[in-house]
Amino acid sequence: MKETPRTLHHKASVLDLTGEPGAHVDATSEEGLDEAEAEIRLKQFGLNELPDNATPWYVIFLSHFTGLMPGMIVLACLIEYLLKEWPDFYTLMTLLFLNGFVGFWEDMRAGDAVAALKASLKPEATVKRNGRWRKIDASLLVPGDRVSLAAGFSVPADCIVSHGMEIQVDQAALTGESLPVSMSAGSQIMMGSTVVSGEVDGVVCNTGINTFFGKTAALIGSTHDEGNFQKVVLSITQVLFAFSSVLVTIAVVHLIMRDPGQLWEAVSFGVVLLVASIPIAMQVVCTATMALGSRMLAEKKAIVARLASIEQLAGMTILCSDKTGTLTLNKMVLQEMVSYDDKIQGPEILTYAALAIRWKEPPKDALDTLVLMSDKLDREYCDKHVQLDFVPFDPKRKRTEATLRGPNGAEFEVVKGAPNVLLTLIDKSNYAAIGNAFQAKVDNLAERGIRALAVAKKDKGGVMKMVGMLTFLDPPRPDTKATIRNAMMQGVSVKMITGDHQAIARETARQLGMGDNISSAANLPTLAAGDAPPTTLGRDYGEMITNSDGFAGVYPEHKFLIVETLRQLGHSVGMTGDGVNDAPALKKADVGIAVEGATDAARAAADLVLTAPGLSVIVDAIEISRAIFQRMKNYVIYRVACTIQLLLFFFVAVFAFEPHWYNDKFKQLPGHPYKYDKVLSDGSVAHFEYGFRMTEREIGLDIPGTFNLPVIALVVIVILNDATIVSTAYDNVKASQLPEKWNLPILFIVAAWIGFVACGSSLLLLDWALSSEDPDSPMRQLGLSSSLSYGQIIAMMYLKISLSDWWTIFAARTQDWCWTRAPSKIVASAALFATLTSTYFSVTWPFQDIRFDEVLYLEGEEAAREHQEDVQLIGLDFEHVVFTWCFCGVFFVIQDTAKVLCYRVLFHYDVCGIKTDALANEERIAANERIQNGLSHSVTTNPKDILVGIEKQRLLHSGTVQSLSESGAQGGAPWSLSKALFGKKR
């Protein structure tokens, strides 16, 4: 029984489900689908659009209020709410929402890549249904639809070209191919391509997520990696949380066991320690630091789309770059004009090539454009000729032909086409004279991936002779080779990844000095749409990908998997690109870089968008990002050191210092106790006795059993210091010559050591301050004329912790003595502002005023004693302020000395590779100086050799002392960093 068209249509749909491309070419009739069948298939295959998997904005918003750090702040807020400590509660809530809103603003850009791809779907398509051509919404196309593919139109879905004329298709944005591709019956043309010339029907074979375009979107959507900086911040927070949890638990249990009736006081103290353990503003300050750095990159024509990428750019070890439009100009340029006729030279060959086409009309294809748009073409001479006959280009004949009459009236023929075709057309004698040399040149060009056009001429009555050959190539950008060399001098390996032919990629790599080990896509893994990348890529393909200088003939999933493989090997990977085909890899890479002129999809997927041509700005961005990394690392050391200082200070204070013990002790001193009377509203007089001198505002308040600062005082310290510490974004730093990385063990060791010294000095000052009533106490012996009230002791410790916190940054910012690298004026000004403001607060304290509660007192002595143990901060006298400043200054010198000694010990024993990395960096600096000196003397340096030298240096420095000595004998400077640590700027 003969099958009806409808049955054939249904069978085609089934075939398409099994993944048979082009099954609908034979199954769809010339009349196209009918509306009923189209409706069935629309339900079966879905709309021709990308699925919307965007996370609702409110879910993104709420996600920033969950997790370890927000959870700790929420817990602190809850306890303060139960204790009805409203100033503390509102201050903590402000910090919570500030952190949340900053993170929310950053994450709202995450879905831009898929949104840009969806916007790229063409809204209309010309389709034939029920035998009639009409335009419909492209999202309604289904497999089996017959569509029109005409010049100037974008392809609305993946299609199989039907029988008809050959068409030229521009796929540059999808595959990286520089020239339009010829397609005939049976060829598959991908959605997003553009028909350059010709007109033919096509049958839709894939729609929506199943198209080449859709798979690209699926790859982007499958990438949800957490940024490296977020991981670092989380690791630091987890360590501090575990450390503080132990201390807080021990301290609170100790207080409750000592006095079960003071449960809430113990809980309140726990809140103080808990808040102190949270690096509350670390995310905010580091984000602000990176934002300020992004402005510096913007001045270099690089727009930062994701702030955390600045930190990852500093650690980038491999840069994968697309070729077309990134390393090259994406424009065919004449390379050579080779003459095979002694009478015709140079530009005359180009003139004859122009005469073989219709030079007075617009160019028909890229090769015609190349010839007619050349500034070496003599158009005036061409116009002196009359074209008598013209045979256009035919893909089967692979040439154009023209018959012309010259200015002298002589007639001749000119042929332009494929070199091997024209070689068969020339006269035998001419072939004998030039054939071998011509063929050798063609073979050499083919091996190098350089395209060529041959031009031959035949005078009337004469024979066909070869005139010459035109070679052309999409050349590298003028600054690309220098950029690659400079990137490799910074320790960054560059790999070319392109959809172009292997021979062309190899020639481009040869010109750029990148190495010619260019592998084909056949050696690479593949990934089905929607599948997660295998976790074994690094093991299975790592060595092959690492050893290759680049890859040719790749598709988006290849680029995506190359990046994933390198990341599984532990590399921090950058990826540059400009087309839709680059978008998945840009999103997957640690640093995705969209070059100037990139498509919307590429820019949306990228972390860094270049607005100036070429890649030279990337080297500037690397140097700037490494300086920013140094500033962030200095800040993190400072923040961890301050947190450790506060944690240990309060932990030790709860066990070692009992203010009421000092109060009872001083009541026994001559002239003590201090007696104060307070007239109450009912006319009665309340009598109070203290061992400490008390101010009027403190009378009636009890001396607490444990020492602590008000929570609001701690939060004020954090806010003031962190608000002004943003100035470190402009600090003077020395950027590394090698990729940066977070060495967290070293960071914690140095920060802890600095924090220990600051903590020790705070405990010492607390003891001196609590003992100030004693005339023989150290503070009185050092010249203080008056003792401190208990509220002034609180103020002095507030000022001391504030000053120590800010001055710690000057110790944290260098590995050598603090004066070996001067801070920037902005940092110095911020330090002055913060310390003077803290000093002002210690004298005036405008935030909190706790007074004796007369009502509670009248309710009974026990109630008064139970509810009025609280801390009132009382302003310091001038001599107390001067003493605190001098004390902090002396211990800052001790702190800086301890830091230098710590680094020397770590360097001596190469703890966690600190010496290895430092020596390799010094070697890189010395090698770069030698390279620059060589360049200034016109010495050619291969970029690939630079990176090989870097790897040799790393191996040497991770070896024995003998290897280091040998390195020095070969002209290096292996021990130069030891000088840096003992007296050279670092």
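The values are calculated or read from the model by the stated rules, or taken from the named source; none is laboratory data. This one's a predicted model, so the numbers in the text were calculated from it and none came from an experiment. Quick reminder, even Gly has a Cβ in these numbers, built from the backbone with ideal geometry, and neighbours come from all protein chains shown. Protein only, heavy atoms only, side chains kept; ligands, DNA and RNA dropped before computing areas. Shrake-Rupley method; radii C 1.70, N 1.55, O 1.52, S 1.80 Å.
Looking only at residues of segment 673-699 that are of a type in the set (Asp, Glu) and surrounded by fewer than 17 Cβ atoms within 10 Å (Cβ to Cβ), we find that the one that is modelled with the highest pLDDT is 689.
Matching residues to (1) surrounded by 14 or more Cβ atoms within 10 Å (Cβ to Cβ); (2) more than 28 Å from residue 510 (Cβ to Cβ); (3) in the same structural domain as residue 602 (by the TED database); (4) not hydroxyl-bearing (Ser, Thr, Tyr):
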| position | (1), (2), (3), (4) |
| --- | --- |
| 316 | yes, no, yes, yes |
| 320 | yes, no, yes, yes |
| 339 | yes, no, no, no |
| 352 | yes, yes, no, no |
| 355 | yes, yes, no, yes |
| 362 | no, yes, no, yes |
| 379 | no, yes, no, yes |
| 382 | yes, yes, no, yes |
| 389 | no, yes, no, yes |
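With the requirement that a residue be at pLDDT below 90 and farther than 18 Å from residue 732 by Cβ, what does segment 803-833 give you? 805, the sole residue that qualifies. Pairs linking a residue in segment 879-903 that is in contact (Cβ under 8 Å) with a residue 60 or more places away in the chain and more than 30 Å from residue 917 (Cβ to Cβ) to a residue that is of a type in the set (Gly, Ala, Ser) and part of a helix (DSSP H, G or I), with Cβ atoms under 7 Å and 6 or more positions apart or on different chains, are 881/842; 888/804; 891/761.
Is there a residue in segment 358-374 that is under 16 Å from residue 457 (Cα atoms) and of a type in the set (Asp, Glu)? Scanning segment 358-374 turns up no residue that is under 16 Å from residue 457 (Cα atoms) and of a type in the set (Asp, Glu). State whether the residues of segment 326-336 include one that is assigned to a helix (DSSP H, G or I), open to solvent by less than 20 Å² (accessible area, probe 1.4 Å) and polar (S, T, N, Q). The answer is yes, given that some residue of segment 326-336 is assigned to a helix (DSSP H, G or I), open to solvent by less than 20 Å² (accessible area, probe 1.4 Å) and polar (S, T, N, Q). Considering segment 421-452, the residues that are part of a loop (DSSP other than H, G, I, E, B) and not hydroxyl-bearing (Ser, Thr, Tyr) include one that is surrounded by the fewest Cβ atoms within 10 Å (Cβ to Cβ), namely 427. For segment 700-732, a residue qualifies if it is of a type in the set (Gly, Ala, Ser), surrounded by fewer than 23 Cβ atoms within 10 Å (Cβ to Cβ) and farther than 28 Å from residue 773 by Cβ, and exactly one does: 723. Residue 815 meets each of the listed conditions (1) in a helix (DSSP H, G or I); (2) in contact with a helix residue (DSSP H, G or I) (Cβ under 6 Å, 6 or more places away or on another chain); (3) of a type outside the set (Lys, Arg); (4) surrounded by 18 or more Cβ atoms within 10 Å (Cβ to Cβ) apart from (1).
In segment 529-537 there is at least one residue that is under 26 Å from residue 488 (Cα atoms) and either open to solvent by 50 Å² or more (accessible area, probe 1.4 Å) or not in a loop (DSSP other than H, G, I, E, B) (or both).
Has segment 286-293 got at least one residue that is modelled with pLDDT of 70 or more and open to solvent by 20 Å² or more (accessible area, probe 1.4 Å)? Scanning segment 286-293, I find at least one residue that is modelled with pLDDT of 70 or more and open to solvent by 20 Å² or more (accessible area, probe 1.4 Å), so the answer is yes. Somewhere in segment 630-648, is a residue within 43 Å of the chain's Cα centre (by Cα) and farther than 30 Å from residue 733 by Cβ? No: zero hits.
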